[in-house]
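Take a look at the structure below.
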Amino acid sequence: MECRKIIHVDMDAFYAAIEQRDNPALKGKPVIVGGDPDRRGVVSTCSYEARKYGVRSAMPSKTAVRLCPHAVFLFPRFEAYSAASKQVMNIFMQYTDVIEPLSLDEAFLDVTENKKNTRSATLIAKDIRREIFTETGLTASAGVSYNKFLAKTASEINKPDGMAVIRPGEADRYLNRLPIGKFFGIGKVSEKHMLSLGIENGRDLLNAPLELLVKHFGKAGRFYYDIVRGIDERPVEPVRERKSWGREITLDEDILDMDLIRSILNDIAAELEDGMSRKKISGKTVTLKIKYHDFRQITRSATIDQPTHSAEIIINEVLRLLKFTEAGTKKIRLLGISLSGLDCGNAEFHEKQLLLPFRECG
Ligand code: TTP
Ligand code: MG
């Protein structure tokens, strides 16, 4: 198979850069965006000028103000950030539909096949960065490589306002000295664990035997073993529009007891109402799913007049559908309920779905 072409784009100091754009008096100055220092708020992000003082995302705002007292401190304006994010995502869509947003300000793009019929991913990344700047007045960094892990690694190399390409055979050069905590996919907990094993950087990880990594990290151990060798087959996964909303439970023991079955279904319905009402989603078709102890699986559906997310209406339908199953006579190992024919309340929802949830600031 021909080598894939993956781009990772990450906006620079995203929230802070938007604040500087919208108020030019802030350009070139340390700017911190975050929650109230007097109410245990934390820093969302800060401009590169503020980073020189040691200010970082997720640190208590109080600490940040102490490190850089002359910084301009601002509360987040999410509407502005989400508007800019939408503009950026729309630019991506002119190049490919295979876009996987990781947050408001970053995404993977698979441009192996692309709408411009360009063979050079490097050229596409350049064009995208230029277009982002022209349209939004913001800078982005980009990484180009043949898989997600390396593209993400590459976008960090010349940040801010830069890009880098990692070609086949070049992974070592960038990974050898990379501190283990900077590996995309190695979180705080694994970082600690790695350090306790004497694995401090890419070179150490490369020298660690597969058995050792699997023993300490389970399945993730295999993943770490691969990425440091520049191996990452994960596809860029575009967010699709949600077609259904559901929840299923695999039971600890196969069950026959009808009271227990009804009570579990009740819990599931309540959970659906909770999640769906919060997202303002309703559905018209209720589906009950059952897997029997012999793994045979059935579904029973009913469509109602009005879209709903009411637990009461859902459970009424489900209990009616339950009569058309072998519940009570045949042991059950899994129960599930889903709603489809979704009505997402407002058009805004579709936009929100496209943009994965951004990280909370405290
Ligand atoms: P990042 O891309 O991690 O950071 P950044 O864009 O501010 O800076 P850079 O990429 O140049 O290093 O996050 C994007 C936005 O997400 C950031 O501007 C604010 C928000 N965010 C939080 O609210 N809390 C956090 O802990 C982090 C890391 C980010
Ligand atoms: Mg960023």
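Of the trypsin sites (Lys or Arg not before Pro) found in region 209-270, those that fall in a DSSP loop while having at most 10 other beta-carbon atoms within 10 Å are Arg240, Lys243. Residue ranges 11-17, 319-325, 308-314 sort as 11-17, 308-314, 319-325 when ordered by packing (mean number of other C-beta atoms within 10 Å per residue, highest first). Calculated from the alpha-carbon coordinates, the chain shows an Rg and a Dmax of 24.7, 74 Å respectively. Tell me the GluC sites (Glu not before Pro) within region 230-276 that lie in a loop according to DSSP and have at most 15 other beta-carbon atoms within 10 Å. Of the GluC sites (Glu not before Pro), the ones in loops of region 230-276 whose Cβ has at most 15 other Cβ atoms within 10 Å are Glu233, Glu241. Along the axis of the charge dipole computed for the chain (Cβ charges of +1 for Lys and Arg, -1 for Asp and Glu, origin at the Cα centre), the listed residues His293, Phe78, Gly218 are led at the positive end by Gly218. Each residue of region 91-107 was assigned a 3J(HN,Hα) from its phi angle through the Karplus curve 6.51 cos²θ - 1.76 cosθ + 1.60 (θ = phi - 60°); the sequence is 5, 3, 5, 6, 9, 7, 9, 8, 10, 10, x, 9, 6, 4, 10, 8, 7 Hz, with glycine and proline shown as x.
Using θ = phi - 60° in the Karplus curve 6.51 cos²θ - 1.76 cosθ + 1.60, the 3J(HN,Hα) couplings for region 199-210 round to 9, 9, 8, x, 4, 4, 5, 4, 7, 7, x, 3 Hz; x is entered for Gly and Pro. For helix 148-157, report the angle its Cα long axis makes with the longest principal axis of the Cα atoms of the chain; keep it between 0 and 90° and round to the nearest 10°. Computed tilt is about 30 degrees. If I fit a long axis through the Cα atoms of helix 121-136 and take the longest principal axis of the Cα atoms of the chain, what angle between them do I get, 0 to 90°, rounded to 10? Computed tilt is about 90 degrees.
Sort Leu175, Leu67 so that the residue with the fewest other Cβ atoms within 10 Å of its own Cβ comes first and the one with the most comes last. Spell out each step's value before the answer.
Working: Leu175 23, Leu67 18.
Arranged by neighbour count, lowest to highest, Leu175, Leu67 become Leu67, Leu175.
Would you list His70, His293 from fewest to most Cβ contacts within 10 Å?
Lowest count first: His70, His293.
Note on the chain: with charges restricted to the Cβ of Lys and Arg (+1) and Asp and Glu (-1), its dipole about the Cα centre is near 720 debye.
What full-extension length gain, to one decimal in nm, is calculated for Ile264 and Lys280 as 0.36 nm per residue of separation minus the Cα-Cα distance? Intermediate values should be presented prior to the final figure.
Values: separation 16, 0.36 × 16 = 5.76 nm, distance 2.38 nm.
Roughly 3.4 nm would be gained on extension.
Dipole magnitude for region 160-204: computed about the Cα centre from +1 point charges on Lys and Arg Cβ and -1 point charges on Asp and Glu Cβ, it is near 60 debye. The GluC sites (Glu not before Pro) of region 135-200 that DSSP puts in a loop, and whose beta carbon has at most 16 other beta carbons within 10 Å, are Glu170, Glu200.
Ranking of Cys68, Cys344, Cys3, Cys46 by neighbouring Cβ atoms within 10 Å, starting from the fewest: Cys3, Cys344, Cys68, Cys46.
Please sort 83-92, 204-213 by packing, taking for each peptide the average over its residues of neighbouring beta carbons within 10 angstrom, highest first.
Details: 83-92: 18.3, 204-213: 15.0.
Result, highest mean first: 83-92, 204-213.
Of all lysines in the structure, the ones whose alpha carbon falls short of 20 Å from that of Lys152, not counting any fewer than 8 places away in one chain, are Lys5, Lys126, Lys182, Lys188. Note on the chain: dipole from Cβ charges, positive end direction compared against Ser57, Phe108, Ala164; the farthest Cα belongs to Ala164.
Using only DSSP helix segments of four residues or longer, with each worth -39500 (n - 2.57), what per-residue ellipticity at 222 nm results for the chain after dividing by its residue count and rounding to 500? Walk me through the numbers on the way to the answer.
Working: 14 runs with 139 residues, N = 362.
Result for the chain: -11000 deg cm²/dmol, rounded to the nearest 500.
We did not get these values from a lab; they are worked out from the coordinates using the rules stated. None of the values given here were measured: they were computed from a predicted structure. Every residue, glycine as well, gets a Cβ built from its backbone with ideal geometry; the counts of neighbours run over all protein chains shown.
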